[in-house]
Amino acid sequence: MSTFTVRFIEHDGTEHCVDAEPGQSLMHSAQQQFVPGVLGDCGGCSSCGTCHGYVDFHWMPRVGPPGEDERLLLDGSDNARPNSRLTCQIVMSAELDGLVIRLPRMQR
């Protein structure tokens, strides 16, 4: 099975290039490869917000907008931005190969 690459960038600029399998959430890919700041306390159920990330703007059309439940959770976050997404809700595919996710300062 082919894997694709996602680049996670911590708030201090530290980069982590992660291999992600098609169909796998970005959160699980990051956790399996020990990316700091992608906590996923709820296990990927879109209920805690600890896998919050900022999708680089040029990737937003490919990633798409958050679903209603995800948007409600993000709206309650002090760190939400227009490009905020929960990485547990982004599923890796060939179209997302090379995706860049920046992580909020609060998630260390």
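In a fully extended conformation the segment linking Glu15 and Arg81 would gain 21.7 nm over its present Cα-Cα distance, using 0.36 nm per residue. Tell me whether the chain comes out rounded, prolate or oblate; compute the Cα gyration tensor, take square roots of the eigenvalues as a ≥ b ≥ c, and use a/c under 1.5 as the rounded threshold. Because its axes are fairly even, with a/c under 1.5, the chain counts as rounded.
In the chain, the DSSP beta bridges split such that about 75 percent are antiparallel, to the nearest 5. Ranked by solvent-accessible area (1.4 Å probe, protein heavy atoms only, all chains present), the residues Ser77, Ser47, Ser84 order from largest to smallest as Ser47, Ser77, Ser84.
The relative contact order of the chain, computed from alpha carbon pairs under 8 Å that lie at least 6 residues apart in sequence, is 40 percent. Heavy atoms of the protein chains alone define the surface here; on that basis the chain has 53 Å² accessible area per residue at 1.4 Å probe size.
One decimal place: the segment Thr5-Arg62 gains 19.0 nm when fully extended, by the rule 0.36 nm per residue minus the C-alpha distance. First compute the accessible area of the chain with a 1.4 Å probe, then give the percent of it belonging to carbon and sulfur atoms. With neighbouring chains kept in place, the figure for the chain is 48 percent.
The values are calculated or read from the model by the stated rules, or taken from the named source; none is laboratory data. Just so we're clear, the structure is a prediction, and the values are computed from it rather than from any experiment. In case anyone asks, the SASA skips ligands and DNA or RNA and just uses the protein heavy atoms, side chains included. Shrake-Rupley method; radii C 1.70, N 1.55, O 1.52, S 1.80 Å.
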